[in-house]
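A.B. asks: Have a look at this one before I ask anything.
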Amino acid sequence: MRARDKVAVSALRATLAALDNAEAVPVDAAELRGVALEHAPAGVGVTEAARRELSRRAVAHIVRAEATERLDAAARLSDPAHADRVARLRAEAAVLLRFLDDHGTP
């Protein structure tokens, strides 16, 4: 962000959001219905759930999927009017793939 590289910031923010979503704990249907007020948990932090820990392989898979998504979208945009968007999508994918390469992630 300090370098003001908008392409890199955009790609990394979206990928961080995807990683954050992957760490979320699934909620089952019973939890969504709730309980009677007198049985509801009370107190600070009682409704908090620990996030899932992602392995290095899972993180690499998500980052690679984000890059692939951008490359696929760029390939589908064939109209010359979309040339700027295609270039940005490819640049974002390159940032993500370079990140994987730089960190020796499989």
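A.B. asks: Out of R70, R90, I need the residue that is open to solvent by 80 Å² or more (accessible area, probe 1.4 Å), touching a Leu at 6+ places or on another chain (Cβ under 8 Å), modelled with pLDDT of 95 or more and not polar (S, T, N, Q). Which one?
C.D. replies: Just a single option satisfies the conditions, and that option is R90.
A.B. asks: Out of the residues in the range 1-24 that are farther than 23 Å from A87 by Cβ and surrounded by 10 or more Cβ atoms within 10 Å (Cβ to Cβ), which is modelled with the lowest pLDDT?
C.D. replies: Filtering the range 1-24 for residues that are farther than 23 Å from A87 by Cβ and surrounded by 10 or more Cβ atoms within 10 Å (Cβ to Cβ), the one modelled with the lowest pLDDT comes out as A24.
A.B. asks: Any residue in the range 43-58 that is acidic (D, E), modelled with pLDDT of 90 or more, loosely packed, with under 15 Cβ neighbours inside 10 Å and within 16 Å of the chain's Cα centre (by Cα)?
C.D. replies: Looking through the range 43-58, at least one residue is acidic (D, E), modelled with pLDDT of 90 or more, loosely packed, with under 15 Cβ neighbours inside 10 Å and within 16 Å of the chain's Cα centre (by Cα).
A.B. asks: Output the qualifying pairs, or none if there are none: Cβ atoms under 8 angstrom, residues six or more apart or on different chains, first residue in the range 78-99 and under 13 Å from V7 (Cα atoms), second residue open to solvent by 100 Å² or more (accessible area, probe 1.4 Å) and at pLDDT below 95.
C.D. replies: From residues that are under 13 Å from V7 (Cα atoms), there are no pairs.
The values are calculated or read from the model by the stated rules, or taken from the named source; none is laboratory data. For clarity, every value in this text was computed on a predicted model and none was experimentally measured. Cβ coordinates were reconstructed from backbone atoms using ideal geometry, including for glycine residues, and neighbour counts include every protein chain displayed. Note: areas computed on protein heavy atoms with side chains; ligands, DNA, RNA excluded. Shrake-Rupley method; radii C 1.70, N 1.55, O 1.52, S 1.80 Å.
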